[in-house]
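First comes the structure, then the notes that go with it.
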Amino acid sequence: MLDRAVRVGMIGCGTQANVHFAGIKALGADQATVAAVCDLDEARLDAAGQLWPQARAAQDYQDLLAPGDLDLVVVATMPNTHQAISLASLDAGACVLCEKPFMMNVAQAEAVLAKAAQTGLQVQLGTNMRYMPSSRYLHDLVQGGTIGAPVFAKAWGCHHDPPVWGPHYHRATSGGGVLASTLVHTLDLAMWVGGSPNPLTVSAATRRLFPGKRGAKVAGAIHAHYDAEDLISALVRFDNGAFYALEGNWCSERTDFHSFELTTTRATVTGAPLAVSVDVAGQIVDQTPQLDGDDWFHSVHTQDAALIAQLRAGDPWDLQDARQLLNLQKVVDACYESARTGREVVL
Ligand SMILES: NC(=O)c1ccc[n+]([C@@H]2O[C@H](COP(=O)([O-])OP(=O)(O)OC[C@H]3O[C@@H](n4cnc5c(N)ncnc54)[C@H](O)[C@@H]3O)[C@@H](O)[C@H]2O)c1
């Protein structure tokens, strides 16, 4: 329980950090304030300092993590630094909201989750799609049991073009390409809505279409570092008998970029656009509710607001637990291992 504003540290002040900044500002200074900002890049650090003039600023995050000073650290750097910054933040007594993808591999994820358990602090991942109204609706509908048991899901994460505003295409920095950076959102969502089963086996294949596709649109300097997959297909089997087919594609012609479709024993539900079709005595009945507010940025702000409100109230972050975080990382790791070896991975 906190009877003052939550003190937030933002490590990494790039594209996604600015989405968080807007969400935190909108809460008002009595709820949360950014008390520390950090970026290696001086111009980005200056811009963050102008937004939050009272915040301490540094290029080295270690200089900002005085024990007990921050309640929450948002890790908004690229994934190659997520583990070190998360561990240091937990050591300094702050809870961690880490941007996706979580870590570079399962071993890193286990170390961070072990540190969280040891310190009694909380860690959550920036899988903001869970905070869309349609996601919560479908989660509660499926878990309510009235539309049968989950059997099969398709989850996809696509873009027309690779996201080259940051080094998301450079594996050593990003931990992977379209799977780690894009598909991970709807994979997480489909697993959560489907009851968070444990993955059993994973078979995946990946390719890189760039620069054959979209290469001509991208600045020359990026070509030298673009080594991640921009196309993936995978099949995942879970311990509740469900199986999921995944597709990620950064050179896609699709217009429904991020979504999933879940088939249960009685219904089919779709994330975006929201749709619910239920078998009622042999008839397919459209039971899609009218819901607003599935905006992407709004869901990031809703996540920030929820976590900050829970910290102030002394309530646990209840939308994601350590097992779910680890299972997501296991599926991501296993996809890459399967693609590399050409074999199914048994978890
Ligand atoms: N949830 C979402 O919708 C969403 C959207 C975009 C990005 N992301 C995630 O957010 C993270 C950041 O992505 P981005 O697009 O903002 O990248 P970005 O390159 O725009 O910003 C990252 C910033 O981190 C800084 N940085 C890197 N290493 C650092 C270090 N050791 N110490 C301090 N600063 C450091 C960089 O200088 C850069 O300014 C990634 O994990 C990405 O996958 C999430």
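What follows draws every value from the coordinates through simple rules; no lab data is involved. Note that the structure is a prediction, hence the values are computed from the model and not measured. Here Cβ is always computed from backbone atoms with ideal geometry, including for glycine, and neighbour counts include all displayed protein chains.
Can you give the local net charge around ARG56? Use residues other than it whose beta-carbon is closer than 11 angstrom to its beta-carbon, Lys and Arg +1, Asp and Glu -1.
It works out to a net charge of -1.
Highest mean first, what order results for 39-49, 284-294 on Cβ atoms within 10 Å?
Ranking, from highest mean packing down: 39-49, 284-294.
Sort 229-242, 302-315 by packing, meaning the average of other beta carbons within 10 Å per residue, with the highest value first.
Output ranking for 229-242, 302-315: 229-242, 302-315.
Normalise the Debye intensity by I(0) for the stretch 95-136, one equal point scatterer per Cα, no solvent, then take log10 at q = 0.31, 0.34 Å⁻¹ and round to two decimals.
Here the Debye-derived log intensity ratios amount to -1.04, -1.12.
What's the ranking of 66-79, 132-145, 326-339 by average number of surrounding C-beta atoms within 10 Å, highest first?
Ranked from most to least packed, the peptides come out as 326-339, 66-79, 132-145.
Compute the relative contact order of the chain as a whole-number percentage, counting only Cα pairs closer than 8 Å that sit 6 or more residues apart in sequence.
20 percent
Per residue, how big is the convex hull around the C-alpha atoms of the stretch 198-326? Give it to me in cubic angstrom, could you?
Dividing the Cα hull volume of the stretch 198-326 by its residue count gives 209 Å³.
Using a Förster radius of 35 Å, what is the FRET efficiency between HIS223 and ASP63 based on their Cβ-Cβ separation? Nearest 0.05, please.
E between HIS223 and ASP63, to the nearest 0.05, is 0.50.
Can you check what the net charge comes to around LYS154, using other residues whose Cβ is under 14 Å from the Cβ of LYS154 (Lys, Arg +1; Asp, Glu -1)?
-2
7 Å from Cα along Cα→Cβ at both ARG4 and ALA117: what's the point-to-point distance in nm?
3.3 nm
If you put +1 on each Lys and Arg Cβ and -1 on each Asp and Glu Cβ, how big is the dipole of the chain around its Cα centre, in Debye rounded to 20?
Using only the charged Cβ atoms, the result is roughly 620 debye.
Percent of Cα-Cα pairs per 10 Å bin, from 0 to the last occupied bin, for the stretch 300-347, please list those.
Final binned percentages: 23, 30, 22, 19, 6.
Considering the options GLY49, GLN31, LEU65, tell which one lies farthest towards the positive end of the dipole of the stretch 27-110, charges being +1 on Lys and Arg and -1 on Asp and Glu at the Cβ, about the Cα centre.
GLN31
When Lys and Arg each count +1 and Asp and Glu each count -1, what net charge do the other residues less than 11 Å away from LEU121, Cβ to Cβ, add up to?
Within the 11 Å Cβ shell, the charges total -1.
With only alpha-carbon pairs counted, each pair once and no self-pairs, how large is the Kirkwood hydrodynamic radius of the stretch 109-257 in angstroms?
Computed over Cα pairs of the stretch 109-257, the Kirkwood hydrodynamic radius comes out at 17.0 Å.
Per residue, how big is the convex hull of the stretch 6-125 when only Cα atoms are used? Give it in Å³.
Residue-normalised Cα hull volume stands at 88 Å³.
Please list, by residue number, every one of the chymotrypsin sites (Phe, Trp or Tyr not before Pro) in the stretch 139-220 that is coil in DSSP and has at most 16 other beta-carbon atoms within 10 Å.
The qualifying sites are TRP165.
Identify all lysines with a Cα-Cα distance to LYS217 below 28 Å; exclude those on the same chain that are fewer than 8 residues away in sequence.
LYS100
Roughly how big is the stretch 295-347's charge dipole about its Cα centre, with Cβ charges of +1 (Lys, Arg) and -1 (Asp, Glu), in debye to the nearest 20?
I would put it at about 200 debye.
Identify, among ALA117, MET1, ALA242, the residue whose Cα sits farthest towards the positive end of the charge dipole of the chain, taking +1 on the Cβ of Lys and Arg and -1 on the Cβ of Asp and Glu, with the dipole about the Cα centre.
ALA242
Given an 8 Å cut-off on Cα distances and at least 6 residues of separation, report the relative contact order of the stretch 6-125 as a percent.
Over the stretch 6-125, the number comes to 24 percent.
Please report the Cα spread of the chain along all three principal axes, rounded to whole Å, starting with the longest.
62, 49, 36
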